[in-house]
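Student: Would you mind keeping the following structure in view while I ask a few things?
Read-outs throughout are calculated quantities, based only on the coordinates presented, and are distinct from any laboratory measurement. What you see is a predicted model, and the numbers here were worked out from it, not measured in a lab. Every residue, glycine as well, gets a Cβ built from its backbone with ideal geometry; the counts of neighbours run over all protein chains shown.
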Amino acid sequence: MPDFFESMQRSYVDVPVGANDYIDVQEFLEATESLTKLFDSMGAAFGPVKSDLLGNVAKLRTRYTENPTKNKTLQELVITERAEGKKTATEGLLWLKRGLEFTSKGLRRNLNDKNEELNVSFTKAYEETLSKHHSFMVRPVFSLAMKACPYRKEFYAKLGSDEAKVQAEEEKWLAALERIVAILNAFYKQGGYEKL
């Protein structure tokens, strides 16, 4: 049976990043949909996190299908939407990149510290990323999800039987995701898209 990373429809490793670091929309959305299946291994409490990411994927896909030629990359999609005075997909990508940054930071902490449990890794990642953007109504939902993280050993067992192999694949996948998040963070900051 293939492990989690081998069974993904698309990995962030395979998402094309072209000239000017422009990121292909279709492949990015497929990789993000594949990522959301990771939350199935983390328990029902992560349902809202998964749902939020998929909701933002849907906003981007809707915008993309309106004009695939003009919206081929994430950056073109945001630029063309802004030129039309709209912001639905731009906000969707803003929240999606925030969710991806939270996920990547939680996984990075856990991968780097073999003694840290997932609930600690993701709580620290939440404090660094999403917490400052969430209202006092939303924070408890995420806090509950962090507390409900499976034990590290159980989580990695769900990802595949060979832990060393799974962690090596996770490292490549995570490095590609971190690169994409860094590109999107820079794009949003330079374009002033963080302040919508």
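Student: Return the total of residues in the range 144-162 being touching a residue at least 40 places away in the same chain (Cβ under 8 Å) and surrounded by fewer than 14 Cβ atoms within 10 Å (Cβ to Cβ).
Tutor: 4
Student: Kindly indicate whether F39 is touching a Ser or Thr at 6+ places or on another chain (Cβ under 9 Å), of a type outside the set (S, T, N, Q) and in a loop (DSSP other than H, G, I, E, B). Walk me through how you get there before you give the answer.
Tutor: Working: touching a Ser or Thr at 6+ places or on another chain (Cβ under 9 Å): yes; of a type outside the set (S, T, N, Q): yes; in a loop (DSSP other than H, G, I, E, B): no.
Against the criterion (touching a Ser or Thr at 6+ places or on another chain (Cβ under 9 Å), of a type outside the set (S, T, N, Q) and in a loop (DSSP other than H, G, I, E, B)), F39 does not qualify.
Student: What number goes with the only condition from (1) over 14 Å from the mean Cα position of the chain (by Cα); (2) of a type in the set (D, E, K, R); (3) within 28 Å of K147 (Cα to Cα) that D21 does not pass?
Tutor: Status for D21: all satisfied but (3).
Student: Restricting to the range 33-50, give me the number of residues that are closer than 19 Å to R10 by Cα and exposed (fewer than 15 other Cβ atoms within 10 Å of the Cβ). Can you show your working first?
Tutor: Here is the first cut: in the range 33-50, the residues closer than 19 Å to R10 by Cα are 33-41, 50.
This time we only want the ones that are exposed (fewer than 15 other Cβ atoms within 10 Å of the Cβ), so: 37, 40.
Of the residues in that region, 2 qualify.
Student: Considering only the range 118-153, state which residues are assigned to a helix (DSSP H, G or I) and among the hydrophobic types (A, V, I, L, M, F, W, C). Steps first, please.
Tutor: Keep residues of the range 118-153 that are assigned to a helix (DSSP H, G or I), which gives 118-128, 131-133, 139-147, 152-153.
Passing the criteria: L118, V120, F122, A125, V141, F142, L144, A145, M146.
Student: Moving on to the next point. Could you look through the range 60-108, keep only residues that are of a type in the set (S, T, Y) and part of a helix (DSSP H, G or I), and pick out the one that is farthest from V17 (Cα to Cα)? So that I can check it myself, show each step before the final result.
Tutor: Of the range 60-108, the ones of a type in the set (S, T, Y) are 62, 64-65, 69, 73, 80, 88, 90, 103-104.
Retained after the next criterion (residues that are part of a helix (DSSP H, G or I)): 62, 64-65, 80, 88, 90, 103-104.
Values: T62: 21, Y64: 17, T65: 20, T80: 19, T88: 23, T90: 19, T103: 20, S104: 18 Å.
Per the stated criteria, the residue is T88.
Student: Any residue in the range 154-166 that is under 16 Å from the mean Cα position of the chain (by Cα) and not in a loop (DSSP other than H, G, I, E, B)?
Tutor: Let us first name the residues in the range 154-166 that are under 16 Å from the mean Cα position of the chain (by Cα), namely none.
No, the range 154-166 has no match at all.
Student: Another question about this same structure. Take the range 4-32 and flag every residue that is in contact with a Leu (Cβ under 7 Å, 6 or more places away or on another chain) and in a helix (DSSP H, G or I).
Tutor: Scanning the range 4-32 gives Y12, V25, F28, L29, T32.
Student: Based on what the data block shows, is E178 closer than 19 Å to T103 by Cβ, touching a Leu at 6+ places or on another chain (Cβ under 7 Å), crowded, with 17+ Cβ neighbours inside 10 Å and of a type in the set (D, E)? Write out each step before concluding.
Tutor: Values: closer than 19 Å to T103 by Cβ: yes; touching a Leu at 6+ places or on another chain (Cβ under 7 Å): no; crowded, with 17+ Cβ neighbours inside 10 Å: yes; of a type in the set (D, E): yes.
When the stated conditions are applied, E178 does not pass them.
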